[in-house]
1. Test of the criteria: in region 176-238, which chymotrypsin sites (Phe, Trp or Tyr not before Pro) are in a DSSP loop and have at most 12 other Cβ atoms within 10 angstrom of their Cβ?
2. Restricted to Cα positions, what overall size does region 73-204 have along the principal axes? Three whole-Å values, descending.
3. Under a Cβ-Cβ cut-off of 9 Å, what is the net charge of the residues other than Ala249 that fall near it, where Lys and Arg count +1 and Asp and Glu count -1?
4. Tell me whether region 143-260 comes out rounded, prolate or oblate; compute the Cα gyration tensor, take square roots of the eigenvalues as a ≥ b ≥ c, and use a/c under 1.5 as the rounded threshold.
Amino acid sequence: MFYGSSFIFNGIPSENYGIKIISFQKTSGVTTSSAGNEVEIIEKRIYRRPTSFHFGNSPTNPLTFTLELGYENFVSATDRSNVEKWLLGQNTYKKFQVDQDDVAEIFWNVIFTSAEIIYVGRKQVGMTLSAQCDAPWAYTFPQSFSYDFTPDAVQSFDFEFYNSSDNNNYLYPTIEFTLNSLGSDFTLTNTTDDGRQFIFTGLSADEGITVNNSLQTLSSTTGLYRLSYFNKNWLRFLPGLNSLHITSAISFVEFTYSFARAVGG
C-alpha cells in the first residue's frame, strides 16, 4: 500500500496537479491488497481419482488495485477536470510509478478503469481510482549489459546471467549484435537450458541484428529479411543462474531485459 506518496503517470508527476496517494480510512483496522503473481491452475480431474493431472500454471489474472488520491490544497473545478482528463480515459496502458523508496526502481503498466469522487462536506477533496495492469506484476525499468571485442577475430567466450525475475517462466530479452569484417554466423548456447542454441548463419560482414525475443521480431542493418537465416530458437533465460557461450566473429553484443516484480499494488 502507498500512503502520502507522489506518483508519476504517463510521464507526468502528480505534483503538477497538487495531488498525492492518501489513505482515506472509513474505519480502523488492517488493510489488504493483492500481492500479484496470481496464477490459474491448468489441470484435469477424473472420477474417483483423488489427485488431479496437473498440466501447469498460467499467469492469466492481471494485477488490479485501488488508489485513493487526495488534493494537497483546495482546487478549482477546472483543475479537477484536468486531473480526471490526465488519469482517466486512456486508450492504452501507461507507466505508473510511485515516489516511495521500496518501489522506486519499478513501474506498473496500468489503465484506470473507473473513479469515484471523495467529498468532505460539499468540497471534492480527492478520488478513488480502480487500476488494472497488463500483467500480474510490476516491472523493473529496462536494464542492459554488453560486450565489445577487438580486433576482428572469431570470438569464443563464456558468461553468466542471473535471472531474478519474479515470473517463474522464461525471461525473453532483446539481443543486439554486430558482426565484424570476418563475420557471417552467430551462435549463442544456453548450457543451463539443455544446451539450447540461438543461431544465425549466412549473414553479411559488419551486419547488425536486433532480435526482440519477447515479441519474436527481428531486424537487420541491411534492411533485408533475415528470418530464414535464423533457427527460430528464440533466446530465453531460465529463472536463476544461466551459463551461456557465444561463438561468432562479432564486434559487439548487448542484452536488454526487464524483470517482473510481484510487489502488488
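Values in this text are rule-based calculations from the coordinates and carry no lab data. Predicted, not measured: the structure shown is a model, and the values here were computed from it. Cβ atoms come from the backbone with ideal geometry, glycine included; neighbour counts cover every protein chain shown.
1. The qualifying sites are Tyr225.
2. Here the spans come out as 75, 30, 27 Å, largest first.
3. Working: positive: none; negative: Asp152, Asp185.
With Lys, Arg at +1 and Asp, Glu at -1, the net is -2.
4. Numbers: a/c = 1.84, a/b = 1.47, b/c = 1.25.
Taking the square roots of the gyration eigenvalues as a ≥ b ≥ c, region 143-260 is prolate.
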